[in-house]
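Below are the structure tokens for one structure; questions will follow.
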Amino acid sequence: MIRTFANDIRSVKERDPAARNVVEILLCYPGLHAVWGHRLTHWLWMRHFRLLARWLSQLLRGLTGIEIHPGAIIGPGLFIDHGMGVVIGETSEIGEDVTLYHGVTLGGTSLQKGKRHPTLGNRVVVGAGAKILGAITVGDNSRIGANAVVVKPVPADAVVVGVPGQVISRSKPRKPKDSPDMDHTMMPDLMGVALSSLMERVDSLEVRLEGHATHVPGQVVHLSPHAPDHGVWRGEDFAI
């Protein structure tokens, strides 16, 4: 148990540059308080003191803004950053060194008893506001982008973005010894790429239909006023 608590503190120190010292972590991190409270309520739950476990979990919900059902199984090193609005359902399972940002939901999609919540592998990072729903598995070392809605299984070493979540395989799988990848600015824009490619194709066809010179492969012809240029959408004034 002491080793587990030490791992929980280590996870905060390693993954939050704002954490200055152990005293600050102990006093000022509701995510840590919620995880430690869950370890107590889960202990009670497994020994069939279930009403007491549920009651204590609701007290912790009010204190931390984080709702973790006592039945959930949580491995060592879970870091809940900021934490407000995180919901972890009864049959959720979380591996080692997982990171959850605020607004994350590990929810169920069935009214049936039994396994109905997600299972997260080791070293998974789930961005702010993401929803992972149903009895699905998210593989080791995967990243779930902010506000993604995941309803299908995710393989190991994958990135998921969008609604519904689209799975992208990493070209360089991470190793267990690697620290969690926290840079959420590197998420791919699948819809943007698809739209840009489609608009480039439309521009090319319009050039051919109007009798202009043949479109050079790789050259973007900006006939559409809102075509993206290096990731920036340009055009006339927008009424917003």
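What follows draws every value from the coordinates through simple rules; no lab data is involved. Source: prediction; values computed, not measured. Here the Cβ is made from the backbone with ideal geometry for all residues, glycine too, and neighbour counts use every protein chain on show.
If you count, for each residue, the other Cβ atoms within 10 Å and average over each peptide, how do 133-139, 25-31 line up from highest to lowest? Show your work: numbers first, answer last.
Numbers: 133-139: 19.0, 25-31: 17.3.
Per-residue mean Cβ counts within 10 Å order the peptides as 133-139, 25-31.
So, one more: Rounded, prolate or oblate: which fits the range 62-161 when a ≥ b ≥ c are the square roots of the eigenvalues of the alpha-carbon gyration tensor, with rounded for a/c under 1.5 and prolate only if a/b beats b/c?
On the way: a/c = 1.32, a/b = 1.05, b/c = 1.26.
Since a/c stays below 1.5, the shape of the range 62-161 is classed as rounded.
What ³J(HN,Hα) values, in whole Hz, does the Karplus curve 6.51 cos²θ - 1.76 cosθ + 1.60 give for the range 150-166 when θ = phi - 60°, with x put for Gly and Pro?
My calculation for the range 150-166 gives 9, 10, 10, x, 10, x, 5, 6, 10, 10, 10, 9, x, 9, x, x, 9 Hz in order.
Can you give me the distance in nm between label points at Val151 and Ser110, each placed 7 Å from the Cα along the Cα-to-Cβ direction?
Distance between the two pseudo-spin positions: 1.6 nm.
Give me, ordered by chain and number, the residues 5 or more places off Val138 or on other chains with an amide H under 5 Å from its own placed amide H.
Result for Val138 returns Thr119, Leu120, Gly121, Val154.
Testing the spin-label approximation: label points 7 Å from Cα along Cα→Cβ at Phe49 and Asn7. State their distance in nm.
Result: 2.3 nm between the two label points.
Right, next: Label the range 2-186 by shape, choosing from rounded, prolate and oblate, from the square roots a ≥ b ≥ c of the eigenvalues of the Cα gyration tensor; if a/c is under 1.5 it is rounded, and otherwise prolate applies when a/b is larger than b/c, oblate when it is not. Let's see the in-between values first.
On the way: a/c = 1.75, a/b = 1.16, b/c = 1.50.
It comes out oblate by the Cα gyration axes.
Ordered by residue, what ³J(HN,Hα) values in Hz, to whole numbers, does the range 71-78 give under the Karplus form 6.51 cos²θ - 1.76 cosθ + 1.60, where θ = phi - 60° and Gly and Pro are x?
Here the 3J(HN,Hα) series is x, 5, 9, 10, x, x, x, 5 Hz.
Rounded, prolate or oblate for the range 40-94? Axes are the square roots of the Cα gyration tensor eigenvalues, ordered a ≥ b ≥ c, and the cut-off for rounded is a/c under 1.5.
Taking the square roots of the gyration eigenvalues as a ≥ b ≥ c, the range 40-94 is oblate.
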